[in-house]
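**Q** Take a look at this one; I'll ask things after.
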Amino acid sequence: MDKLKTQITEAIKSLYDIDETAVEFSEVPADIAGDYSTNVAMRIAKRAQKNPRQIAEEIIAKLGDDYTFTVAGPGFINVEISSKKLQEKLANEFNENYGCNESGKGKTAIVEFPSTNMAKPYSVGHLRPGTQGWATKKLLEANGWKVITDNHLGDTGTPFGVWVVGFLRSGKSLDDVTIYDLGQIYIDTKKALKDEAAEEKHELADEVQEWLKKLEAKDPEAVKYSERFNTISLNHIHNVMKRMAISTDLELGESFYAEPGKALVQKYLAEGKFEQNDDGSVICRLDEFGIDVPMLVLKSNGTALYATTDLACMFYRAENYKPDLVVYCVGAEQKFYFEQLFAMGKKLGVPQENFHLWFGTIDQVTEEGKREKMSSRKGVVLLEAMLDDAEARVRENFSGSELSDEDIRKIATGAIKFSDFVADRKTGILYDPNKIFALTGFSGPFCQYADVRLRRILEKNKDFVRVDFSDYDFEAEKELLICLNKFPELVSSIVEKLELHKIAGYCFELAQILNRYYEKTPIIQADDKERSARLWLVEKADYVLAKALDLLGVEIPEKM
Ligand code: ARG
């Protein structure tokens, strides 16, 4: 349609000397003649000082004969494309990279996800960063970008002291302490610290500081604890990521940036870009960006904080990877923080564009029917528990068919991932198992099943010899052809704003069209000519649906 839009823009320019660049088409309902419609003639009627129907006629006279045009109603231009033309277009454009483009060629992006924290087991709080981050990487790559992914681990020192103190009190052994023990130890010790503070005592708090100092001084015992805790945490994080089928190229955590961050603070302090408060803490003023809350970049006791590490990280990335774009996949709670961080980056001359890809929370409906942020009786919901539950549900839904464990995993994670994209990422998502795992409706399994069905047809017809279908008219396949033809435009049109949910909408539309198609159209039972034409198209549909789902990180099971 892009070509047609340009032709119309040119026709309007030559006929009326009007610059009308925003020519929009909408799809027309099935009962009206034509496939697409534009109201551009009505929009320019005032400026051209003519009746819109007449304008529509005049524009049509200037357009070629690739399409059939009609004037409808008060001045709509309806466009009808012949199915055969659509098929030829798809045949011409189709290759093993169909849907991808080179617009990002030569550009590099760093996509940061899931950025989990070391002290705690992986919870559903880091589900969306991983899912959205992975899809962002895929979409940028499909648009020709070079993408480097980075798990910006939350591994700074403070929790470490809490861990050691709690660990020593717990009486557990370093050899068999698990991530769940560590998570619980962390929660319990934090609570003990709070209780202590309420009584105006600080015995435990002092011990925590003691251990932090020991770690900084590379005391062998402290290093031993730190290494063991980190190994346990990392193994756990990697296991969960593997189950989710996501991974990153880099794993540079906050601790990596603490020292360089402090050095940068001194540098900008000396240059007068930062200011020191009376208590010794350091801030960066951001008034010139309309932000009246300065950013705290160093604590009063001289230690680094979140912003200190992110400051160094921006420069490290600029120097080492020269990215054009950095995408931070982090929830909406940190919106203001990233506004401040990016403004500070501008102030200090960070060259790359920074983008905070934020999203809402994962909500659940409570037994009382109230919608709230997902939690369990024990507090946070662990991602592993959610995955176990998802697999159990899938096993039950498919209890009649023998599915491999790997297929169960693909369906379970596919359902969860897909649900992340059913609405614009800015809205919270409602974790409703009845919808997420359903085989009908706007769900991952529904789309996966549509593709499994295509593959089964192809599999059954492996040995079918193609016959010439050049005079087959593809009339029964029109809706499907229109949908397959718009895939490349979809991929290129959503990259600017990273509108990943539009891919899910597309998958759903395509899956629905395929279902309607099978209902009406015999494939295996058809005559040879029709059969080969339809198999040709089924092959393309399989490619496109699998590719679109792959952009969302959704895998296709062997069987369903
Ligand atoms: N670990 C942080 C959290 O869980 C997210 C890190 C985001 N990335 C960053 N560069 N600040 O909240």
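The values are calculated or read from the model by the stated rules, or taken from the named source; none is laboratory data. Not measured: the values here are computed from a predicted model. Positions of Cβ are generated from backbone atoms using ideal geometry, with glycine treated the same way; all protein chains shown enter the neighbour counts.
**Q** Give the number of residues within region 311-354 that are hydroxyl-bearing (S, T, Y), within 13 Å of the ligand (Cβ to nearest atom) and not in a strand (DSSP E or B).
**A** Going residue by residue through region 311-354, those that are hydroxyl-bearing (S, T, Y) are 316, 321, 328, 337.
Adding the requirement that they be within 13 Å of the ligand (Cβ to nearest atom) leaves 316, 328, 337.
In the following step, the residues that additionally are not in a strand (DSSP E or B) were identified as 316, 337.
Within region 311-354, residues that are hydroxyl-bearing (S, T, Y), within 13 Å of the ligand (Cβ to nearest atom) and not in a strand (DSSP E or B) number 2.
**Q** Going through region 26-40 one residue at a time, which ones are in a strand (DSSP E or B) and within 15 Å of G75 (Cα to Cα)?
**A** Of everything in region 26-40, those that are in a strand (DSSP E or B) and within 15 Å of G75 (Cα to Cα) turn out to be S26, Y36, S37, T38.
**Q** I'd like to know if region 227-235 contains one or more residues that are polar (S, T, N, Q), surrounded by 20 or more Cβ atoms within 10 Å (Cβ to Cβ) and either assigned to a loop (DSSP other than H, G, I, E, B) or in contact (Cβ under 8 Å) with a residue 60 or more places away in the chain (or both).
**A** Taking region 227-235 first, the residues polar (S, T, N, Q) are 230-231, 233, 235.
Retained after the next criterion (residues that are surrounded by 20 or more Cβ atoms within 10 Å (Cβ to Cβ)): 233.
Keeping just the survivors that are either assigned to a loop (DSSP other than H, G, I, E, B) or in contact (Cβ under 8 Å) with a residue 60 or more places away in the chain (or both) gives 233.
Yes, region 227-235 contains at least one residue that is polar (S, T, N, Q), surrounded by 20 or more Cβ atoms within 10 Å (Cβ to Cβ) and either assigned to a loop (DSSP other than H, G, I, E, B) or in contact (Cβ under 8 Å) with a residue 60 or more places away in the chain (or both).
**Q** Could you identify the single residue in G414, G349, G369, G400 that is out of contact with any Ser or Thr (no Cβ under 8 Å at 6 or more places or on another chain) and surrounded by 20 or more Cβ atoms within 10 Å (Cβ to Cβ)?
**A** Unique residue meeting the criteria: G414.
**Q** Identify, from the list P114, P129, the residue that is outside any loop (DSSP other than H, G, I, E, B), farther than 30 Å from S470 by Cα and within 11 Å of the ligand (Cβ to nearest atom).
**A** Step by step, each of P114, P129 is checked, and only P129 is outside any loop (DSSP other than H, G, I, E, B), farther than 30 Å from S470 by Cα and within 11 Å of the ligand (Cβ to nearest atom).
**Q** Let me ask you something else. Examine region 91-110 for a residue that is over 30 Å from W163 (Cα atoms), within 16 Å of the ligand (Cβ to nearest atom), surrounded by 15 or more Cβ atoms within 10 Å (Cβ to Cβ) and modelled with pLDDT of 95 or more, and state whether such a residue exists.
**A** yes
**Q** Here's another thing I want to ask about it. Is it the case that some residue within region 155-170 is within 16 Å of the ligand (Cβ to nearest atom), under 30 Å from E102 (Cα atoms) and charged (D, E, K, R)?
**A** no
**Q** Does region 292-309 contain at least one residue that is part of a loop (DSSP other than H, G, I, E, B), out of contact with any helix residue (DSSP H, G or I) (no Cβ under 7 Å at 6 or more places or on another chain), within 14 Å of the ligand (Cβ to nearest atom) and not polar (S, T, N, Q)?
**A** yes
**Q** From the list L140, L174, which residue is within 22 Å of N320 (Cβ to Cβ), away from the ligand (no atom under 15 Å from the Cβ) and surrounded by fewer than 23 Cβ atoms within 10 Å (Cβ to Cβ)?
**A** L140
**Q** Of everything in region 147-176, what is β-branched (V, I, T), at pLDDT 90 or above and within 30 Å of G133 (Cβ to Cβ)? Give them in sequence order.
**A** V147, I148, T149, V162
**Q** Given (1) buried (at least 18 other Cβ atoms within 10 Å of the Cβ); (2) in contact with a Phe, Trp or Tyr (Cβ under 9 Å, 6 or more places away or on another chain), where does F76 come up short, assuming only one miss?
**A** With (1) buried (at least 18 other Cβ atoms within 10 Å of the Cβ); (2) in contact with a Phe, Trp or Tyr (Cβ under 9 Å, 6 or more places away or on another chain) applied to F76, the lone miss is (2).
**Q** Please go through region 237-271 and pick out each residue that is at pLDDT 95 or above, assigned to a helix (DSSP H, G or I) and under 30 Å from A385 (Cβ atoms).
**A** Of everything in region 237-271, those that are at pLDDT 95 or above, assigned to a helix (DSSP H, G or I) and under 30 Å from A385 (Cβ atoms) turn out to be I237, H238, N239, V240, M241, K242, R243.
**Q** Shifting gears a bit: Given the criteria within 32 Å of the chain's Cα centre (by Cα), more than 20 Å from A109 (Cα to Cα) and either within 16 Å of the ligand (Cβ to nearest atom) or of a type in the set (D, E, K, R) (or both), does I237 qualify?
**A** Yes.
**Q** Regarding region 508-517, can at least one residue be identified that is touching a residue at least 40 places away in the same chain (Cβ under 8 Å) and on the phi > 0 side of the Ramachandran plot?
**A** Checking region 508-517: not a single residue is touching a residue at least 40 places away in the same chain (Cβ under 8 Å) and on the phi > 0 side of the Ramachandran plot.
**Q** Still on this model: Assess whether A533 counts as being under 28 Å from the mean Cα position of the chain (by Cα), buried (at least 20 other Cβ atoms within 10 Å of the Cβ) and not β-branched (V, I, T).
**A** Numbers: under 28 Å from the mean Cα position of the chain (by Cα): no; buried (at least 20 other Cβ atoms within 10 Å of the Cβ): yes; not β-branched (V, I, T): yes.
It is false that A533 is under 28 Å from the mean Cα position of the chain (by Cα), buried (at least 20 other Cβ atoms within 10 Å of the Cβ) and not β-branched (V, I, T).
**Q** Okay, moving on. Can you give me the number of residues within region 426-464 that are in contact (Cβ under 8 Å) with a residue 60 or more places away in the chain, more than 30 Å from F359 (Cα to Cα) and assigned to a loop (DSSP other than H, G, I, E, B)?
**A** Residues of region 426-464 that are in contact (Cβ under 8 Å) with a residue 60 or more places away in the chain, as a first pass: 426-432, 442, 444-455, 457-458, 460-461, 464.
Filter once more, keeping what is more than 30 Å from F359 (Cα to Cα): 452-455, 457-458, 460-461, 464.
Still in the list and also assigned to a loop (DSSP other than H, G, I, E, B): 461, 464.
Going through region 426-464 one residue at a time, the tally reaches 2.
**Q** Another question about this same structure. What's the number of the condition K520 fails, among (1) surrounded by fewer than 16 Cβ atoms within 10 Å (Cβ to Cβ); (2) within 21 Å of the chain's Cα centre (by Cα)?
**A** (2)
**Q** Something else: How do the pairs read when you match residues in region 320-336 that are farther than 19 Å from K373 by Cα with residues anywhere that are part of a loop (DSSP other than H, G, I, E, B) and more than 9 Å from the ligand (Cβ to nearest atom), using Cβ under 7 Å and keeping only pairs 6 or more apart or on different chains?
**A** P323/Q352; D324/K107; D324/Q352; L325/Q352; V326/Q352
**Q** Identify all residues within region 12-49 that are surrounded by 16 or more Cβ atoms within 10 Å (Cβ to Cβ), farther than 22 Å from I482 by Cα and either charged (D, E, K, R) or touching a residue at least 40 places away in the same chain (Cβ under 8 Å) (or both); write none if there are none.
**A** Residues satisfying the conditions are I12, L15, E20, R43.
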